[in-house]
Amino acid sequence: MTREEIMQIIPHRDNMLLLDEAVSENGKAYGKLHITGEEFFLQGHFPGNPIVPGVIQCEILAQSACVLLAGQSEGKTPYFTGLEKVKFRNPVKPGDLFETECEIIKSKGAFYFCKGKGTVNGKTCVTAEFSFALVDANA
């Protein structure tokens, strides 16, 4: 999927759409984001040594997982509801290609429970379990 196709699934726009491309296959979602160094979240994190904040890495994982909901999320907004067992292993820096692998491990009604990891050059940078709910966009 391209950025335009991803925008058909999730409502994130402009600086908050944190995927360049994504694909869903065999029950897993794979996403990619090229870190250019111009991203808003690098401006002060940290001067002279920019590193992608952990919370942004977790957001990228969540956006990746949402591509698994193609066809189910129309008119809905995915709201983060939980973030657990987060581990950061290696920093993500400008010039890196941050790649994700996520899967939904359980769902109950509007709630989805996922796990995912983010890597750069095959090295794990972040792992997490997280959940979100699909909420009516006008709620």
- Write down, largest first, the equivalent ellipsoid semi-axes of the chain in whole Å, where each equals the square root of 5 times an eigenvalue of the alpha-carbon gyration tensor. 24, 16, 14
- Relative contact order %, the chain, counting alpha carbon pairs below 8 Å whose residues are six or more apart: 26
- At 7 Å along the Cα-to-beta-carbon direction for both PHE111 and GLU38, put a label point, then send me their distance in nm to one decimal. 4.1
- Message: If you take every residue apart from ALA133 with its C-beta less than 11 Å away from the C-beta of ALA133, what net charge results, scoring Lys and Arg +1 and Asp and Glu -1?
- Response: +1
- Task: Please say if the stretch 9-76 is rounded, prolate or oblate, where rounded means a/c under 1.5 for a ≥ b ≥ c the square roots of the C-alpha gyration tensor eigenvalues, and otherwise the choice is prolate for a/b larger than b/c and oblate otherwise?
- Result: prolate
- For the chain, find the longest principal axis of its Cα atoms and tell me its angle to the long axis of helix 54-66, 0 to 90°, nearest 10. 40
- Message: How charged is the neighbourhood of PRO11? Take every other residue with its Cβ under 15 Å from the Cβ of PRO11, and add Lys/Arg as +1 and Asp/Glu as -1.
- Response: -3
- Note: MET7 to LYS93 extended length (0.36 nm per residue) minus current alpha-carbon separation gives 28.5 nm
- Query: Under unit Cβ charges (Lys, Arg +1; Asp, Glu -1), what dipole magnitude, rounded to 20 debye, does the chain have relative to its Cα centre?
  - Reply: 560
- Task: Please give the length that would be gained between ASN138 and TYR30 if that part of the chain were fully extended, namely 0.36 nm times their separation in residues minus their C-alpha to C-alpha distance (nm, one decimal).
- Result: 36.0 nm
- Message: Cut-off under 16 Å on the C-alpha distance; same-chain residues fewer than 8 positions from LYS93 excluded. Which lysines are left, in chain and number order?
- Response: LYS32, LYS123
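Every read-out reported here was derived from the displayed coordinates using simple, explicitly stated rules and does not represent laboratory data. Note that this is a predicted model, so its numbers are computed, not measured. All Cβ positions, glycine included, derive from the backbone under ideal geometry; neighbour counts span all protein chains shown.
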